[in-house]
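Asks: What follows is a single structure, and I will ask about it in a moment.
The values are calculated or read from the model by the stated rules, or taken from the named source; none is laboratory data. As the structure is a computational prediction, the values presented were derived from the model and not from experiment. Counting neighbours? That spans all protein chains shown, and the Cβs are built from the backbone with ideal geometry, glycine included.
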Amino acid sequence: MKVCYSDRYLVPLIPTHPFPMQKYRLVRNRLLEEGSITHWHLIEPGLAADEDILLVHTRDYWFRCKRGELTAAEIRRIGFPWSVGLVHRSQASVQGTLIAAKNALRDGVASNLAGGTHHAFPDHGEGYCVLNDIAIATRVLQRDGLANRIAIIDCDVHQGNGTAAIFQGDESVFTFSMHGEKNFPLRKERSTVDVNLPDGIGDEEYLKLLMQFVPAILHEFKPDFVFYQAGVDPHEKDRLGKLKLTHEGLKQRDVFVIGACRQTNIPVVTTMGGGYGKDINDTVEGHCNTVRVAWSFYNENA
């Protein structure tokens, strides 16, 4: 199994910034140090091409973003200061998801140690998301004839509003979002299926709901490919999550989603999504668990 990672995934932020940018490198390092992956399994993505990005994003938005011409209000909405590094970070994250998708077509499962930037809309970014990596990868797979029917299973605690808006009315893409009802974004978009969770939900009830919906998606929609946005912000100690999942609950979530895909022989890519633990080690451990679970299913079928 191949895992995409680049140091471009990190850009400098002020120390008080709420986004845990260092988590990407920490996840890579922990997986290497424990032997879950080796350097041979890592792929460093380059930068996504304009022609791929423009399958989803408007020419006006993307080229103003590249040139540093976004307005102050647009930059505030994204939540990161503009820089060339931010542009390259966004392109590398998209390319990582696209490379992972092509590897999953061969190996059944692959991971990107970034991505899941599901708040990006065609004409603007928001919520720490500049480009919608999963949407772009979806359109590239379809354009190139590599997959036709694609399901996006989004288990981040925040609704994948950008993804939902991009694919509204498109019967070739099934968008599933299981998120906190009272969490960001306050104005929700309409996914194919939205599961709105009350604050404080724990492992048992969460997993029961997940097991109700995911098999139905796979058996009734019959996707050729699945993108799994595996945000770890439903964790009980997340600063922004408002839910009460334990590490074991999150791990069982990953086992169920990835396992359901592999049992039906559907290629699946995992992306990281959000994670804002009071202790960054909780966030890192949650993301590492997703990759460990993906590896276990890859080894099972190797």
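Asks: Given the conditions (1) of a type in the set (Val, Ile, Thr); (2) crowded, with 18+ Cβ neighbours inside 10 Å; (3) in contact with a His (Cβ under 8 Å, 6 or more places away or on another chain), which single one is not true for Thr246?
Replies: Single failed check for Thr246: (2).
Asks: Just the residues that are closer than 21 Å to Glu51 by Cβ, surrounded by 21 or more Cβ atoms within 10 Å (Cβ to Cβ) and β-branched (Val, Ile, Thr), please, taken from the stretch 74-102.
Replies: Passing the criteria: Val94, Thr97, Ile99.
Asks: With the stretch 123-224 as the region, which strands (runs of 3 or more DSSP E) entirely inside it contain at least 1 residues that are within 19 Å of Ala260 (Cα to Cα) and in contact (Cβ under 8 Å) with a residue 60 or more places away in the chain?
Replies: 150-154
Asks: Identify, please: which residue in the stretch 275-292 is assigned to a loop (DSSP other than H, G, I, E, B) and not small (Gly, Ala, Ser) and is, among those, surrounded by the most Cβ atoms within 10 Å (Cβ to Cβ)?
Replies: Tyr276
Asks: State which residue is surrounded by the fewest Cβ atoms within 10 Å (Cβ to Cβ) when the search covers only the stretch 106-132 and only residues that are among the β-branched types (Val, Ile, Thr) and closer than 22 Å to Glu74 by Cα.
Replies: Out of the qualifying residues, it is Val130.
Asks: Which residue pairs have Cβ atoms closer than 8 Å, lie 6 or more positions apart in sequence or on different chains, and pair a first residue in the stretch 39-63 that is of a type in the set (Gly, Ala, Ser) with a second residue that is in a helix (DSSP H, G or I) and at pLDDT 95 or above?
Replies: The qualifying pairs are Gly46/Ala92; Gly46/Gln95; Ala48/Gln91; Ala48/Ala92; Ala48/Val94; Ala48/Gln95; Ala48/Leu98; Ala48/Ile136.
Asks: Also, I was wondering about something else. So how many residues does the stretch 52-73 have that are under 20 Å from the mean Cα position of the chain (by Cα), under 23 Å from Phe184 (Cβ atoms) and surrounded by fewer than 20 Cβ atoms within 10 Å (Cβ to Cβ)?
Replies: 0
Asks: Let me ask something else. Of the residues that make up the stretch 92-108, is at least one at pLDDT 95 or above, in a strand (DSSP E or B) and hydroxyl-bearing (Ser, Thr, Tyr)?
Replies: no
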